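Okay, structure first, notes after.
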Amino acid sequence: MRQHTLTICESRPIGNLHWVAFEAANIAANWQPGQYLQILCDDPQHPQRHLLRASFPAVVDAKLARIGLVIAPQTDEGWRWLAQQAVGSPVWCHGPHGKLPQPLNDRGTALCIGQTEGTIRLLGMVNALQQRHTSVTLIAGDMSPQWYVPPQLLPTDVEYLAGPENILRVAEKRLPELIRWADQIFIAASAPMATTLVQMIRQIRLRGGKYVATAMPTTSLPCASMACQQCRVQTRHGPRLACQVGPWFGVHVL
């Protein structure tokens, strides 16, 4: 696996989440939307035990040679360790890994749907779409305090619908309209919720013309090397490992 040394250049809490930015010229120059990194953290209780944690960059700036991550320290010991590291500290990572089934379109409209951690995984996608002059609506459901994404983490012209309720309740009246409106749809949710949304998209867009719909079941990605078999996703062609052929899947294969 490709290993990189990153240097922390910013670190601060944002609500219950935490923002960490790194100087990472090589990754920033080569990162593609939808890819993730495996950050090597330490276990705060056992400093000699290393923890690989998958993270999807929220912001990638090739000009400044920086990447920014949003993490939830309250949910994981590895992220808690990372949030405690001082500016200037080195951090090692592997990657980037993964790819989208198809490239992002320029301009147009996009609907992004996230559930708990899935919303954090979508932040980089939202920013990449904005850079392509795409109009974006982001729906976030099941947002308990430790996962809630503050609006200041999003570009100002993104329409943001979020709440502690189920995704379908957050956008109860508007979801069919938004599914018809979007040229591109991106989902990052638990497998049951992703399945429900995929079925809804198929029903609404059966005769809706050309569009792109991509889903990422928010399975864990502990190793990125196919060794642990924990990122298995059920597809129409049988089980597949998200770290090998994902983590994004076209809705036609789910």
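Please treat every number below as a calculation from the coordinates, not as lab data. Fair warning: this is a prediction, and the values are worked out from it, not measured in the lab. All Cβ positions, even for glycine, are placed from backbone atoms using ideal geometry, and neighbour counts span all protein chains on display.
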Using the C-alpha atoms of segment 57-185, what convex hull volume per residue, in cubic angstrom, is computed? 129 Å³
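Using the Kirkwood radius built from alpha carbon pairs, what does the Stokes-Einstein equation give as D for segment 117-229 at 25 °C and 0.890 mPa s, in µm² per second? Kindly include the intermediate steps, with their values, before the conclusion.
On the way: Rh = 15.1 Å.
The estimated diffusion coefficient comes to 163 µm²/s.
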Given bins 10 angstrom wide, list per bin the percent of all Cα-Cα distances in segment 3-97, short to long. 17, 55, 26, 2
Taking only Cα atoms, what is the 0 to 90° angle, nearest 10, from helix 191-204's long axis to the longest principal axis of the chain? 30 degrees
Expected 222 nm ellipticity per residue - DSSP helices of 4 or more, -39500 (n - 2.57), all of the chain, to 500: -6000 deg cm²/dmol
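Of Val245, Val126, how do they rank once you tally other Cβ atoms within 10 Å and put the fewest first?
Numbers: Val245 16, Val126 27.
Placing the least packed residue first, the sequence is Val245, Val126.
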Could you pull out the trypsin sites (Lys or Arg not before Pro) across segment 1-102 that fall in loop regions by DSSP (anything but H, G, I, E, B) with no more than 10 other Cβ atoms inside 10 Å? Lys63
Percentage of Cα-Cα pair distances in the chain greater than 29 Å, rounded to whole percent? 26 percent
Can you put Leu241, Leu161 in order of Cβ neighbours within 10 angstrom, beginning with the fewest? Leu161, Leu241
Pull out the extension gain between Gln45 and Glu10, defined as 0.36 nm times the separation in residues minus the alpha carbon to alpha carbon distance; nm, one decimal. 10.2 nm
With Cα springs under 10 Å, the Gaussian network model of the chain assigns the largest mean-square fluctuation among Thr218, Thr195, Thr75 to Thr75
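Given Cα pairs under 8 Å that are at least 6 residues apart, what percent is the relative contact order of the chain?
Details: 566 pairs, mean separation 45.4, N = 254.
Normalised by residue count, the contact order of the chain is 18 percent.
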Percent relative contact order for segment 109-253, counting Cα pairs under 8 Å at least six residues apart, stands at 21 percent
Which whole-Hz couplings ³J(HN,Hα) result when phi for each residue of segment 13-19 is put into the Karplus expression 6.51 cos²θ - 1.76 cosθ + 1.60, θ = phi - 60°, listed in order with x for Gly and Pro? x, 10, x, 8, 8, 9, 9
Put +1 on the Cβ of every Lys and Arg and -1 on every Asp and Glu Cβ in segment 109-253; which of Pro155, Val126, Leu111 then has its Cα farthest towards the positive end of the dipole? Leu111
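Cut-off is 10 Å between beta-carbons; in what order do Asp61, Asp142 appear when sorted fewest neighbours first? Could the numbers behind the result be given before it?
On the way: Asp61 14, Asp142 22.
Ranking Asp61, Asp142 by Cβ neighbours within 10 Å, fewest first, gives Asp61, Asp142.
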